[in-house]
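Chemist: Structure provided below as structure tokens; questions to follow.
The values are calculated or read from the model by the stated rules, or taken from the named source; none is laboratory data. Quick caveat: nothing in here was measured; it's all calculated off a predicted structure. With ideal geometry, Cβ positions are generated from the backbone for all residues, glycine too; neighbour counts draw on all protein chains shown. Keep in mind that these areas ignore ligands, DNA and RNA; they rest on the heavy atoms of the full protein, side chains included. Shrake-Rupley method; radii C 1.70, N 1.55, O 1.52, S 1.80 Å.
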Amino acid sequence: MSKDKLRSKMKDYAGVWEKNVGAVDARIRIFVGSLLVLLAPLQATGYVPIPFFTSVGAVLAGCILIIEGLLNRCVLYTLLGIDRCPADIKSSE
């Protein structure tokens, strides 16, 4: 594949990798994700009931939230066209 074709493909996917989560939102995602991951073993043993989640679902949801918080990117925000990231954070990339 030529360099020009590769560059054009990279430009097509550039919008997917832009930050769209602000600092406060990212911290909340990391906190809630960590809480879900830490409570999952307690839910599996029956000590803490978490409605609407199995322990595996809680771990998966928690991991997704942690990753999104660390990367400052949300897949759902990208699909919906939402951008909650201030311009000064985007310019520091």
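Chemist: Which residue is farthest from the chain's Cα centre (by Cα), if the candidates are limited to segment 72-81 and must be open to solvent by less than 80 Å² (accessible area, probe 1.4 Å) and within 17 Å of ILE28 (Cα to Cα)?
Modeler: It comes out as TYR77.
Chemist: Tell me which residues, restricted to segment 36-66, are assigned to a helix (DSSP H, G or I), among the β-branched types (Val, Ile, Thr) and surrounded by 14 or more Cβ atoms within 10 Å (Cβ to Cβ).
Modeler: Residues satisfying the conditions are VAL37, VAL59, ILE64, ILE66.
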